[in-house]
Amino acid sequence: MNESLLAKLYAVILLYIAMNYFDIFTYFRKKKDQNPVEILTVSKPLWMYLLVGIGAGIFAGLFGKGGGIVIVPLLIGVFHYDPKAAAATSLAALQLPVGLPSVVIYANNGHLNIIFAGLIALGILAGTLLGSKLGVKLPSAIFKKVFAVFLLFVAVYMFTKHI
């Protein structure tokens, strides 16, 4: 598949997700804010969660990115998760299965500088702690809008880079 076309398709998908988060498509429909405790007990068939993982994997395989950009919108839109619960679930689902196998493969092939990786990991740890504390304090509606702004920036970057 043409790289430029793939990048533009990725940008369009991100724009769609961001517009959804800004409630552009549901402007006239009222949504009630859900309680995160209710979200964690929503029962959906287990196979649907497997499909989310498969979809995120395919998306990541196609675009080289994916994970949270796919999982969070699906958990919010299809599973009706609160945005914070969706982010937490996505983080938990991604960390070990995505990172550990890749690290082992790259390390076995001599491509890992453990000192630099450790320093970056310390920075990620500090940033994640700060980001999580900020995210938990934000109202869910604002949290969702902040994520939408992030998606818009990524989409515009991807589109303009490949014009």
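Values computed for the structure shown
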item: Filter result (modelled with pLDDT under 55 and among the β-branched types (Val, Ile, Thr)) within region 1-40; result: 37, 39
item: Whichever residue in region 125-163 is loosely packed, with under 11 Cβ neighbours inside 10 Å and under 26 Å from residue 100 (Cβ atoms) and, among such residues, is farthest from the chain's Cα centre (by Cα); result: 126
item: Candidate set from region 49-77 (those that are surrounded by 16 or more Cβ atoms within 10 Å (Cβ to Cβ) and at positive phi); member that is modelled with the lowest pLDDT; result: 66
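The values are calculated or read from the model by the stated rules, or taken from the named source; none is laboratory data. Since the structure is predicted, the reported quantities are computational estimates derived from the model, not experimental observations. Note that we place each Cβ from the backbone using ideal geometry, even for glycine, and neighbour counts take in every protein chain shown.
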